[in-house]
Structure formats: C-alpha cells, structure tokens
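Notes for the one structure printed next.
The values are calculated or read from the model by the stated rules, or taken from the named source; none is laboratory data. All values derive from a computational prediction rather than experimental measurement. All Cβ positions, even for glycine, are placed from backbone atoms using ideal geometry, and neighbour counts span all protein chains on display. Just the protein is used for accessible areas: all its heavy atoms, side chains included, with ligands, DNA and RNA removed. Shrake-Rupley method; radii C 1.70, N 1.55, O 1.52, S 1.80 Å.
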Amino acid sequence: MTSSMILVTGGTGYIGSHACVALAQAGHELLILDNLCNSRADVVDRLEILCGTRPEFIVGDVRDAAALDKLFACYPISAVMHFAGLKAVGDSIEMPLEYYDANVNGTLQLLAAMRRAQVKTFVFSSSATVYGHPASVPVREDSPRSATNPYGRSKLIIEEILDDIHRAEPDWRIARLRYFNPVGADESGLIGEDPQGIPNNLMPFVAQVAVGTRELLNVWGNDYSTPDGTGVRDYIHVVDLAEGHVAALDYLTRKGGLLTVNLGTGKGYSVLDMVKTFEQACGHVIPYKIASRRAGDVAQCWADPSLANELLGWKANRTLKQMCSDAWRWHQGGQTHCRIQSDQ
Ligand code: NAD
Ligand code: WQD
C-alpha cells in the first residue's frame, strides 16, 4: 500500500485529468473521485497509459459526506486537489441553486470531511472570473474582486470560506489558484476538453468548426477597444496549468499557509489571433462571421503571473501555436476515438 495519495476530485474532467498526469509524473499516487456528470469513465483508461499506472477511481459525488468519510478511512490521502464542480457561466444564470449546491455545498462537504480525517492540504480551482470586469490589465492578485454571475459568485464565496478557515485554523495549507483561460490538450491526443453539448468557450468551438462538427464561428463583437476589435484573453495551455498545480502542492508541503496566485501567461490574444493560429494548426480556413457582443463579456483580460513565478518558480511557457496544435490533435483523433470506444 502506498504511503500517501492525492485525492483529485473531478479527476476525469478536462483540467483534473491533465493534473493527474502532471501529479503522476511528479511521483504522486492518485485517487480520483468524479460523479461523471461532465466526463467519461474511459478517461481513466487513458490516464493509465499516460501516468504509467492506473489511478484509483471512485464514481461518487463530493456532496456525499458518507462516501467521503469512507474514502478518507480507506485510502492514505495526504492532500486534496478539488476540480469537481460546475463551470458554465450561462447555465449558472439559469440554475443558480444547482451551481451553489455543486460548487459551494460540494466544497463545504469536502472540507468538513477533510477536517474529520485531519487532512488539511487543499488546492482549489478558482477562476479569473472572481475579478469580474477587471478595472485594469494585467490583473494582479490584489485587484478588486467582484462577481457578475452565480458561477463567479460561487468561486468568490469559496475563496472567502477558505480565507476564514485558514484564519481560524492556521494549520490548514490552502492554495487558491485563479485560472485564466485554459485551452489545449496533452500532446498525446489521448485526453482533452470534451464539452457536452454546444461549447460556450472559444477554443472548443473553433476546434469543432475545424473538424466540421459546426458550420462556422460567431465572433461575439469586433467593436471592442482592442487591437483588432475582438475580445482579448489570457489563454494558457492546460499542461502548463497542470504543472502549476504540482508546483502549488509542493509549495504548500514546504511552506503551508494560504497561497493565492494567478495562473496565466501574462499575454493577451484576440479572438482573431486564435482563429488565425488555429487555421495554421489545422491547415484550412475556419469560417466565421462577426456577430453582436455576448452579454457580460469584457474587452480584455490577462494575468500578471509574476507572483506565481516568484513563489512557485512556475511559468507558463507553451505558445498559442502549441495550444492550437495540441487541441487540433485531440479533436481530430482522441475525442472521436474515445467517443467511439465509449459508445460501443
Ligand atoms: P470539467 O467539467 O471538465 O471537470 C469537472 C469534473 O468534475 C467533471 O469530470 C465532472 O463530472 C465532475 N463533477 C462535477 N460536479 C461534481 C460533483 N458534485 N461531484 C463529483 N464530481 C463532480 O471542468 P474543468 O474545465 O476541468 O474545470 C475544473 C475546475 O476548474 C472547475 O471547478 C472549474 O470551475 C474550474 N475552472 C475552469 C476553467 C475553464 O475555463 N475550464 C477556468 C477557471 C476555473
Ligand atoms: C473568450 C473570447 C468571447 C466563444 C470563460 C468563463 C470563465 C472561465 C473561462 C470558468 C471572448 C469570444 C467565445 C464564441 C467568441 N471559465 N468568443 N465566440 O468568456 O473569457 O471566460 O471561460 O471559470 O469563467 O467566463 O472565455 O472562451 O467563453 O471567450 O467570439 O463562440 O472568445 O467573446 O472574447 P471567457 P470564452
């Protein structure tokens, strides 16, 4: 039996699965808990290939206190990486109760079970969405926070909960990692973003146009005060993001405390930059049309990642070209391959 394991909630999901690979490569043993509401169990088969060993995998819900207690009793869990949750801004506006239950209640149940088991090292998937409409760019960790939708508010509430817990019990070791725009896929093409239904986010939509699943891309507005008029964002390769999680866990193990860092590249790219770069990756035109702005969008948002660099010695280094070529490889083969397999 191994000496210690990392519990990865949401570990068959997009970012969680990539974090599993990075954790395994750093020598950690893994236990995945996922209710499969937005992922497939066959991700574990592919993680076995990428990690070199098969992670332990339990189908379950982070809101199930009894199931959580059983996990902590049966496995030598030393830390928790918490990816499980709902993440679609639009859905959160239509279904706030479901979002607060999954995200806030789910996190509370998990933290309470951790405390019952005296496991107090916790890495939380926060989001740049806690900055609302950032007053200025690049965005620093001390930039004002605000929420513009229930999803973002659920992340903000959890960040405040974690702050209060650490204040009351300073022996907790907590990282609040604020992701900007994760995109791309493992270079193997075996795992990647596999959104159910119509993608809300730019990269998976562009990829689906590229493979022919979708006819054309709607560019939500080209009248923003940006170089080409389209929205500018800080796209970060999901493998860079995963490596940032390993660095954050190492930091907590060594120093403890309450860590809050932006995980971004510090560079902003426009929608049309993304389209052009994806066309180079896939080798053909991505048809698009300019449509009206999407409600709630900001003109530009990118990170100041210098604090993560200083404290964690971590820096995102994969280019937009790599993000697009890795996503293209996944959408060309991996995703189709997995769907065929899982549909059989
Ligand atoms: P994802 O939907 O691919 O992964 C989430 C995983 O959690 C899925 O496998 C899903 O089945 C599982 N899950 C959901 N609710 C659960 C529950 N109650 N119990 C157990 N499992 C549950 O999403 P992702 O893009 O990998 O995001 C992971 C985390 O990162 C989320 O918390 C999200 O809010 C956060 N985040 C994502 C982005 C992004 O752009 N993808 C940006 C910032 C933050
Ligand atoms: C990026 C740019 C759009 C789709 C969202 C969530 C945020 C976080 C990351 C969870 C914008 C434009 C998009 C399309 C387009 N998720 N676009 N046509 O909005 O920056 O952030 O994902 O934490 O919470 O809000 O990412 O990929 O949706 O949009 O023109 O079909 O692409 O207007 O400028 P966003 P996105």
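For the stretch 163-206, give me the residue count where each residue is at pLDDT below 95 and exposed (fewer than 14 other Cβ atoms within 10 Å of the Cβ).
Final tally of qualifying residues: 3.
Just to verify a result, which residue in the stretch 208-263, among those that are away from ligand 2 (no atom under 15 Å from the Cβ) and part of a strand (DSSP E or B), is farthest from GLU279 (Cα to Cα)?
Only one residue tops the list, namely LEU258.
Is it true that ALA67 is within 15 Å of ligand 1 (Cβ to nearest atom) and without any contact (Cβ under 8 Å) to a residue 40 or more places away in the chain? Steps first, answer last, please.
Working: within 15 Å of ligand 1 (Cβ to nearest atom): yes; without any contact (Cβ under 8 Å) to a residue 40 or more places away in the chain: yes.
Yes: the conditions hold for ALA67.
Considering the stretch 300-344 alone, what residues qualify as being modelled with pLDDT under 95, surrounded by fewer than 19 Cβ atoms within 10 Å (Cβ to Cβ) and not in a loop (DSSP other than H, G, I, E, B)? Even if it seems obvious, please write down each step before you answer.
Taking the stretch 300-344 first, the residues modelled with pLDDT under 95 are 331-344.
Filter once more, so that each one left must be surrounded by fewer than 19 Cβ atoms within 10 Å (Cβ to Cβ): 332-333, 336-337, 339-344.
Selection gives GLN332, GLY333, THR336, HIS337, ARG339, ILE340, GLN341, SER342, ASP343.
Out of ALA281, ALA247, ALA291, ALA295, report the one residue that is aliphatic (A, V, I, L, M) and in contact with a Gly (Cβ under 7 Å, 6 or more places away or on another chain). Let's see the steps before the verdict.
Working: ALA281 fails: in contact with a Gly (Cβ under 7 Å, 6 or more places away or on another chain); ALA291 fails: in contact with a Gly (Cβ under 7 Å, 6 or more places away or on another chain); ALA295 fails: in contact with a Gly (Cβ under 7 Å, 6 or more places away or on another chain).
Answer to the check: ALA247.
For residues that are over 14 Å from PHE124 (Cβ atoms), aliphatic (A, V, I, L, M) and open to solvent by 10 Å² or more (accessible area, probe 1.4 Å), tally how many sit in the stretch 233-261.
The total comes to 3.
Select from the stretch 264-296 the residues that are closer than 24 Å to ASN149 by Cβ and open to solvent by 40 Å² or more (accessible area, probe 1.4 Å) and write down the one among them that is nearest to ligand 2 (Cβ to nearest atom).
Ranking the qualifying residues of the stretch 264-296, first place goes to ARG294.
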